[in-house]
Amino acid sequence: MKRKCIAIVVVAICAVFFAGNAMAQTLNAYMGTSPENNAKIVQFIKSKTGVTVNQTFQSFGEIEARVKAETPNYNADIVIGCGSPLAFMAKKNGWSVPYVSSAWKGVPEVFMDTNGYWYNIANFSFVLVGNKDRLAKAGYAMPKSWKDILDPKWKNEIVMPSPLSSGTANMMRFAFLGLYGDDAGWKYLEALDKNIHHYTRSGNAPTDLVGRGEFMLGLTSDENVKKRIDDGYPIFWTIPEEGTGYDGTFAFILKGTKNFDVCKKVIDVLGTPEFSEIMAGIGYVTPRPAENKLYGKSVPKYIKLDLGQAAEDRPKNNDIWKQKFRTDFK
């Protein structure tokens, strides 16, 4: 009888141990790439580590607002996919917890914080997309310069995301301010606004709106353009002669997580060559060398930018935006 009781206790202890271990292999994450790309990332993490990531998808701007609102009691363990403003603020304000991952050794510094407060899993840019059928019917060619899209012929035929919700749009805004300077940059955005039909919540939404022929042109994130072309959408894409902006897609561990060791596994696997292949296959420029499916082996022409300054200026620029432009988005 005594042996039987001991056996039962041992089985119970083992059950508790393995249940606790299984629970520890599950993470909650805020993820800001598109839903389909989030799914690819989650699947990759699961296949390589066994960790199940329960994701909450929101745009970069919405994740930033959520993290700010929840501080210091976050409803997630980790962020996988946010813009530089949140990553830099998280380090500065103590919202992220540092972890120096040996799996990221040899990666250029632009892709990781030396103290491990954030990791940039991929750079993304924005491009100009056009609907082939709509452009052909109108007899219009794809614009060659960013200033070409100020022509009144494009009135109500352009869509772009709102910088109040989208990290991609924040990148667009600081790219134009960087390209033209603050005064001329705001004047450029005011002129562009006259041709914008509406602003979208997500940085990827204009790709689909233009692909479906609802609008002729869109300023959009580059990450899903190749996939939509492969899917048969009649899309042209280009980077006008002045170049494009860029930002990173950042990951960091949220302070206070009870699953720190599991988060470290995820950070490690995000630094592998295999993961760079996944992200390059989507259309990103990656930490490890990998052929980009949109750009090939070339790197886009980038406008010279200071991402740190852009992050500092975002609240001020949002206030200016609210004074000058529509604040609604869909």
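So here's what we get for this one:
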quantity	calculated
Additional length obtainable on full extension of the chain from GLN309 to THR52, 0.36 nm per residue less Cα span	89.0 nm
Net dipole in debye of the chain [+1 Lys, Arg Cβ; -1 Asp, Glu Cβ; about Cα centre; nearest 20]	920 debye
Where labels lie 7 Å past Cα in the beta-carbon direction, separation of LYS105 and ASP261 in nm	2.2 nm
Region 228-301: trypsin sites (Lys or Arg not before Pro) in DSSP coil with no more than 14 other Cβ atoms inside 10 Å	LYS258, LYS297, LYS301
For region 135-160 versus region 211-265, the gap between their alpha-carbon centres in whole angstrom	22 Å
Links that overshoot a 18 Å alpha carbon limit, given the list LYS68/LYS304; LYS40/LYS301; LYS68/LYS255	LYS68/LYS304; LYS40/LYS301
Rounded to 10°, Cα long-axis angle of helix 84-93 versus longest principal axis of the chain	50 degrees
Approximate spin-label separation LYS301-LYS92, in nm, with each point projected 7 Å along Cα-to-Cβ	3.2 nm
Rel. contact order, % - alpha carbon contacts under 8 angstrom, at least six apart, the chain	25 percent
Dipole-positive endmost among GLY178, PHE126, MET142 within the chain (Cβ charges, Cα centre)	PHE126
Contact order normalised by residue count of region 255-330, Cα under 8 Å, 6+ apart, percent	14 percent
Net charge contributed by nearby residues that have their C-beta within less than 13 Å of ILE78 (K/R +1, D/E -1)	+1
Helix-only mean residue ellipticity at 222 nm for the chain, each DSSP H run of n ≥ 4 adding -39500 (n - 2.57), per residue, nearest 500	-13500 deg cm²/dmol
Cα-based helix-to-principal-axis angle, 182-193 vs the chain, degrees rounded to 10	80 degrees
Cβ-derived FRET efficiency at R0 51 Å, THR272 paired with TYR140, nearest 0.05	0.70
C-alpha long axis of helix 35-49 to longest principal axis of the chain, angle in °	30 degrees
By average C-beta atoms within 10 angstrom, highest first, the peptides 64-73, 81-90	81-90, 64-73
Charge tally in the Cβ shell below 13 Å around TYR180, where Lys, Arg are +1 and Asp, Glu are -1, TYR180 excluded	0
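Here, each number is a calculation from the coordinates, and none is a lab measurement. These figures come from a predicted structure and were not determined experimentally. All Cβ positions, glycine included, derive from the backbone under ideal geometry; neighbour counts span all protein chains shown.
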